[in-house]
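Here's the structure we're looking at; comments come further down.
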Amino acid sequence: MGTVWGASFLFMKVALDGVSFGQVAWSRLILGGLTLGLIVLASRPRVGGGPVLPREAKVWLHFTVIAITGCVIPHLLFAWAEQYVSSSLASIYNAVTPITTALMATLAFRVEKLDRGQILGVAVGILGVIVIIAPWQYAELTGSLWGQIACLGAATCYGFTFGYTRKFLSARPITGATFAFLNIGIGGVIMLALTPVLAWQPVELNWAIVLSLLTLGALGTGLAYIWNINVLRAWGPTNASTVTYVTPVVGVLLGVVILGERFGWHEPIGAGLVLLGILLAQRRIRVGRRIPAESVPA
């Protein structure tokens, strides 16, 4: 999952050579929804002999919320941001997700509780973000700065979605395939409604752009989301978000090797602080005496 999502930043960068940022986000959700729809149609997954799709209206409402906050908004933000920042830097910002997840799961949804070490981890992670942005470099609001802010906004959306899913949806008897289909499929329907605004522009396609969009949609926004919900249910929102340990490594390697991207001195230092913050927030590194993890039932 981390490898697929890490490569997604490269695919977005390549696709932007021939399509708009709105068309990138539109394509990945439409293709992802179609892929997952075919999987659900073929397998007809059920839990305990129940229906394939949920019948409660409030469940569909919850899925609409996470489709907007976990797909539509962050996919648009990342695609827009990569017009101004490198794919490597965007993948590093995606690694902030465990920090925003810890904050959302604790403060907004109260499905987890942070101990002293985790609070320190959140603080260190925020410091790392500030170092990556390097506000001392900007005398005015540039495209690069706005691009970084957009990446940070996308990571915050993911954190919100992890916490929201844990509180309202994780415990429901819905298979991973159906869960992913509803999440991405509803996002695809929203994108279809926004077609005149987001996708009705000329395109310049070649094999690299078409392959990038297909892979980004069918694999990165299709199959990977089935894996994601299964990990979320097994590990909880904060631990599931540790996929971002792998994502920036893959994203940076591909950006440097394939696209020839370069870094300033502050970006790897900030990324190191973010990683340290994640390790503290995930209790991989403990500070002081051990405090048992507590959580509130969903």
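Key figures for this structure:
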read-out: Mean Cα-pair separation over length for the range 168-270, i.e. relative contact order, pairs under 8 Å, 6 or more apart, %; value: 35 percent
read-out: Correct option for Rg/Rh (Cα atoms, Kirkwood Rh) [calculated from the coordinates] among (1) 0.97; (2) 1.02; (3) 1.06; value: (1)
read-out: Spacing of the two label points (7 Å from each Cα toward its C-beta) at Arg284 and Ala57, in nm; value: 4.5 nm
read-out: Relative contact order, percent, the range 18-101 [alpha-carbon distance under 8 Å, six or more residues apart]; value: 46 percent
read-out: Positive-end residue, the range 107-256 charge dipole about Cα centroid, Cβ charges, pick of Ser170, Val197, Tyr158; value: Ser170
read-out: Candidates per GluC sites (Glu not before Pro) in the range 40-118, loop by DSSP, up to 11 other Cβ within 10 Å; value: Glu56
read-out: Most mobile listed residue (Ser91, Ser43, Ser20) in the chain, GNM with C-alpha springs under 10 Å; value: Ser43
read-out: Cα-centred dipole magnitude for the chain, charges only on beta-carbon of K, R (+1) and D, E (-1), debye, nearest 20; value: 1260 debye
read-out: Candidates Trp136, Trp80, Trp227, ranked by Gaussian network fluctuation over the chain, Cα under 10 Å, top entry; value: Trp136
read-out: Solvent-accessible area per residue, Å², over the range 90-162 with all protein chains present [probe radius 1.4 Å]; value: 39 Å²
read-out: Stretch gain in nm, segment Leu194-Val210, where the contour uses 0.36 nm per residue and the Cα spacing is subtracted; value: 3.6 nm
read-out: Within straight-line cross-link reach of Lys167, lysines at Cα separation under 30 Å, skipping those fewer than 8 residues along the same chain; value: Lys58, Lys113
read-out: The chain, relative contact order [Cα under 8 Å, separation at least 6], %; value: 42 percent
read-out: Principal axes of the range 101-235: Cα extent on each, largest first, Å; value: 52, 51, 25
read-out: Most positive-pole-ward Cα, Thr69, Val111, Val96, against dipole of the range 59-200 from beta carbon charges; value: Val111
read-out: Gaussian network model of the chain, springs between alpha carbon atoms under 10 Å - residue of Trp207, Trp146, Trp235 with greatest fluctuation; value: Trp207
read-out: Helix-only [θ]222 nm of the chain, DSSP H runs n ≥ 4, -39500 (n - 2.57) each, per residue, nearest 500; value: -20500 deg cm²/dmol
read-out: Inter-part distance where the range 70-141 and the range 204-234 are each reduced to a Cα centre, Å; value: 22 Å
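The values are calculated or read from the model by the stated rules, or taken from the named source; none is laboratory data. The model shown is predicted, which means the values in this text are computed figures rather than measured ones. Glycine also receives a Cβ, built like all others from the backbone with ideal geometry; neighbour counts cover every protein chain displayed. Accessible surface is based on the protein model in full, side chains and every heavy atom, while ligands, DNA and RNA are left aside. Shrake-Rupley method; radii C 1.70, N 1.55, O 1.52, S 1.80 Å.
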